[in-house]
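Here is the structure we will look at.
The values are calculated or read from the model by the stated rules, or taken from the named source; none is laboratory data. Keep in mind that this is a model prediction, so the values were computed, not measured. Here Cβ is always computed from backbone atoms with ideal geometry, including for glycine, and neighbour counts include all displayed protein chains.
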Amino acid sequence: MFYVMPGERYKKRAVTLFELTVVVIIIGALSAVTVPVFSGSIVRRRIEGAARRVAADLTLARKRAMQTDSTQTVIFDKARNYYYIQNMPNPLKPTGAHVCKLQDEPYGVRIAFAEFVSATDDPGDAQVVFDIYGQPDSGGWVVLESGDYRWWVSLDELSGKASISRTRPVAAPVVPKLTLPKVLDDGVVPTVI
């Protein structure tokens with residue numbers, strides 16, 4: 001509440017068009033800088049969350065194999081962009097299978113590479129089987145991609161432990177960057193750049 005002393009005149013102060021324009025320009029400039037940074041951080045958080053989910057599900061399959069004295073198989077389907085754990089119910093829907101579709105919300109990422117290799121596998125496959133002791137039949141990598149970002153999920157063949165990394169692990173294969181299919185003038189569909 002404003003009080004005016006007796007004998008003083010109350011002056012109304014208005015905002016000029018120039019001042020309003022300056023404020024709008026400043027807000028626009030700040031928005032232009034922060035929106036791309038914010039959207040990039042959302043993509044980074046989504047792909048990191050997806051990598052943590054894959055690692056957690058590999059750990060879950062390993063622990064379930066030890067608890068139930070039965071093998072647990074985790075199968076990655078790169079073409080359909082999902083993975084599932086055989087014979088394990090979904091913790092959110094006990095009547096459904098344990099399936100994780102990585103292209104769906106909240107992740108919105110894709111599987112760029114999935115291969116598990118052991119001394120007996122030739123050349124390797126996109127599945128891993130945990131025995132009743134929690135020991136995987138092979139070790140390997142799953143590479144998740146979203147935009148320009150990549151995360152690696154590694155499974156150690158000796159310990160059966162899953163870990164995640166933003167950078168390519170030393171022993172991991174080099175995975176080429178894939179592009180969306182587009183047809184060139186000569187009808188060829190490029191897949192690798």
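Which condition number in (1) surrounded by fewer than 16 Cβ atoms within 10 Å (Cβ to Cβ); (2) under 30 Å from S70 (Cα atoms); (3) at pLDDT below 90; (4) hydrophobic (A, V, I, L, M, F, W, C) is the one that A172 fails?
For A172, the failing item is (1).
Just for segment 143-169: of the residues that are at pLDDT 85 or above and assigned to a loop (DSSP other than H, G, I, E, B), which one is surrounded by the fewest Cβ atoms within 10 Å (Cβ to Cβ)?
L158
Is there a residue in segment 86-93 that is crowded, with 17+ Cβ neighbours inside 10 Å and more than 15 Å from A56 (Cα to Cα)?
no
Which residues, counting only those in segment 100-114, are in contact (Cβ under 8 Å) with a residue 12 or more places away in the chain and exposed (fewer than 14 other Cβ atoms within 10 Å of the Cβ)?
Those that are in contact (Cβ under 8 Å) with a residue 12 or more places away in the chain and exposed (fewer than 14 other Cβ atoms within 10 Å of the Cβ): K101, P106.
Would you confirm whether any residue within segment 115-137 is touching a residue at least 60 places away in the same chain (Cβ under 8 Å), out of contact with any Gly (no Cβ under 7 Å at 6 or more places or on another chain) and under 24 Å from V43 (Cβ atoms)?
No, that holds for no residue.
Considering every residue within segment 69-80, establish whether at least one is touching a residue at least 40 places away in the same chain (Cβ under 8 Å), surrounded by 14 or more Cβ atoms within 10 Å (Cβ to Cβ) and not in a strand (DSSP E or B).
The answer is yes; a qualifying residue exists.
Which of the residues belonging to segment 23-61 are among the hydroxyl-bearing types (S, T, Y) and either at pLDDT 90 or above or in contact with a helix residue (DSSP H, G or I) (Cβ under 9 Å, 6 or more places away or on another chain) (or both)?
Of everything in segment 23-61, just one residue is among the hydroxyl-bearing types (S, T, Y) and either at pLDDT 90 or above or in contact with a helix residue (DSSP H, G or I) (Cβ under 9 Å, 6 or more places away or on another chain) (or both), namely T59.
Given the criteria at pLDDT 90 or above, touching a Cys at 6+ places or on another chain (Cβ under 7 Å) and in a helix (DSSP H, G or I), does R64 qualify?
No; evaluated as a whole, the condition is false for this residue.
Looking at (1) acidic (D, E); (2) modelled with pLDDT of 90 or more; (3) closer than 26 Å to Y133 by Cα, find the lone condition where E115 falls short.
(2)
Does D131 meet the test of being among the charged types (D, E, K, R), surrounded by fewer than 16 Cβ atoms within 10 Å (Cβ to Cβ) and within 21 Å of S70 (Cα to Cα)?
Spelling it out, it is not the case that D131 is among the charged types (D, E, K, R), surrounded by fewer than 16 Cβ atoms within 10 Å (Cβ to Cβ) and within 21 Å of S70 (Cα to Cα).
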